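The values are calculated or read from the model by the stated rules, or taken from the named source; none is laboratory data. Keep in mind that this is a model prediction, so the values were computed, not measured. Neighbour counts are summed over all protein chains in view; Cβ atoms, including those assigned to glycine, are modelled from backbone coordinates with ideal geometry. When the accessible area is computed, the model is the full protein with side chains, heavy atoms only, and any ligands, DNA or RNA have been set aside. Shrake-Rupley method; radii C 1.70, N 1.55, O 1.52, S 1.80 Å.
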Amino acid sequence: MAQTMKDILNRMLNHEELTREETKQILIGITQSEFPNEQITALLTALQMRGITVDELLGFRDGILETGVPVPLDCERYIDVVGTGGDRKNTFNISTTSCFVIAGAGYKVAKHGNYAATSTSGASNVIAHHGIRFSDDIDKLNRSINECGIVYLHAQLFARAMKFVGPIRKALQFPTCFNLLGPIVNPSQPQCQLLGVANLDQMRLYNNVYQKIGIDYGIVNSIDGYDEISLTGPFKVTTNQYERIFNPQDLGFSIIKPEELVAGANEDEAAKIFDSVLENRCLPGQKQVVLANAAFGIQVLERGEKSIEECIEIARESIDSGAALRTFKKFVELNS
């Protein structure tokens, strides 16, 4: 790097912003062990106190994708549905379940995920619980998305940079900018994304990020703090086409009690809820929440050309016809 970390830290102390190229080079430097942990800790703390800019976040993203394992999928258009996490609500695997509903409806999905950080069960927990073996074999990954419409990308196999900052993030015990990177470093770089965020500041940040990346997106936030559409009250949606606050009743859904969305006490309980939704024998509230999140994902894939009501019916048919469950069974068969 042309600048030393000392120069960078002095600029941070002067409240200066870094360029996209500078944060990319910092990330690459971290993977080459160029900086002592104390300096990385100071940088992450300074960024967290000031708030990261769009270009700084994009630079870290560029660095993670450049130093990671790329996943070229031979498939035209597909979506990832993901939440930022950290809302401390311990919901069941709503995004992951929604992905199988979307794939069951005939769309393509490349789900990027990891083990749980703050909840009972993350995407990787529920996938591994069903005997899936995570893979970075490109042929196998392409076979999965082509034969059953969905592929699962376990983050730890692809984002090599993350292991360099793992111990520092753990020691700091507060969220850093790396918590914001998870949703935007899918190694297959999907053209469509539905992202759940825990607050409106994050919604503004990612709205600007996605506009700069240039993809079709939907960002959702439940006003009471869920990083997905929880149907526990009003929720806001921002896409390439519109920005709007919805009430559950606007979509023909009822307001759901928070306890209907809880993942349970352990992985087993979370996996049982996931199965029960795909098998269409879950609580009404659990099904409605999955339908809502899947529907907004479908609307993103359709470039906003289908109404949300049409998209809900497409998602409902995926569950009611058994297509979502068949998709999941085929996925298990291909990936175990």
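The table that follows gives values for the structure above.
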quantity	calculated
Cut-off under 5 Å, modelled amide H: who pairs with Ile256 long-range	Thr232, Gly233
Low-density loop positions, trypsin sites (Lys or Arg not before Pro), the range 269-335 - DSSP coil, at most 14 other Cβ in 10 Å	Arg281, Arg303
³J(HN,Hα), Karplus 6.51/-1.76/1.60, whole Hz, each residue of the range 75-87, x for Gly, Pro	8, 5, 9, 8, 10, 10, 10, 8, x, 5, x, x, 7
Nearest-20 debye value, the chain charge dipole, Cβ charges on Lys, Arg, Asp, Glu	360 debye
Cα-based shape type of the range 171-260, given that a ≥ b ≥ c are square roots of the gyration tensor eigenvalues and the cut on a/c is 1.5	oblate
For the range 71-136 and the range 263-292, distance of Cα centres in Å	14 Å
Whole-number D in µm²/s for the range 189-336 (Stokes-Einstein; Kirkwood sum over Cα pairs; 20 °C, 1.002 mPa s)	133 µm²/s
Where GluC sites (Glu not before Pro) in DSSP loops with at most 15 other Cβ within 10 Å are excluded, longest remaining stretch of the chain	77-278
For q = 0.13, 0.15, 0.23 Å⁻¹, Debye-computed log10 I/I(0) when each Cα of the range 1-126 counts as one equal scatterer	-0.73, -0.89, -1.25
Surface share of carbon and sulfur [accessible, 1.4 angstrom probe, percent] for the chain	47 percent
Those lysines that a straight Cα-Cα span of less than 22 Å connects to Lys111, excepting residues fewer than 8 apart in one chain	Lys89, Lys140, Lys163, Lys212, Lys272, Lys287, Lys329, Lys330
Cleavage-rule hits (chymotrypsin sites (Phe, Trp or Tyr not before Pro)) in the range 221-309: DSSP loop, at most 11 neighbouring Cβ within 10 angstrom	Tyr242
Euclidean distance between Cα centres, the range 209-248 to the range 5-42, Å	32 Å
Of Asn114, Asn90, Asn266, the one that fluctuates the most in a GNM where the chain has Cα springs shorter than 10 Å	Asn266
log₁₀ of I(q)/I(0) at q = 0.09, 0.15 Å⁻¹ - the range 92-235, Debye sum with one point per alpha carbon	-0.29, -0.86
3J(HN,Hα) from dihedral phi, the range 154-159, Karplus parametrisation 6.51/-1.76/1.60, rounded to Hz, x for glycine, proline	6, 3, 5, 7, 10, 8
Cα-based shape type of the range 39-106, given that a ≥ b ≥ c are square roots of the gyration tensor eigenvalues and the cut on a/c is 1.5	oblate
Whole-angstrom Cα spans of the range 1-68 along principal axes, big to small	31, 25, 20
Hydrodynamic radius (Kirkwood) for the range 142-203, which is based on Cα pairs only, to one decimal in Å	14.0 Å
Under 5 Å, built H, 5+ apart or other chain: amide partners of Ala110	Ile79, Asp80, Val151
Amide proton proximity set for Gly83, modelled H, under 5 Å, gap of 5+	Gly196
Residue-averaged 222 nm ellipticity for the chain, from DSSP H runs of 4+ at -39500 (n - 2.57), nearest 500	-15000 deg cm²/dmol
Kyte-Doolittle at least 0.5, axis length at least 24 Å by Cα - qualifying DSSP helices, the chain	284-301
Whole-angstrom Cα spans of the chain along principal axes, big to small	60, 41, 39
Within a Gaussian network of the chain (alpha carbon springs, distance under 10 Å), most fluctuating of Thr120, Thr23, Thr41	Thr41
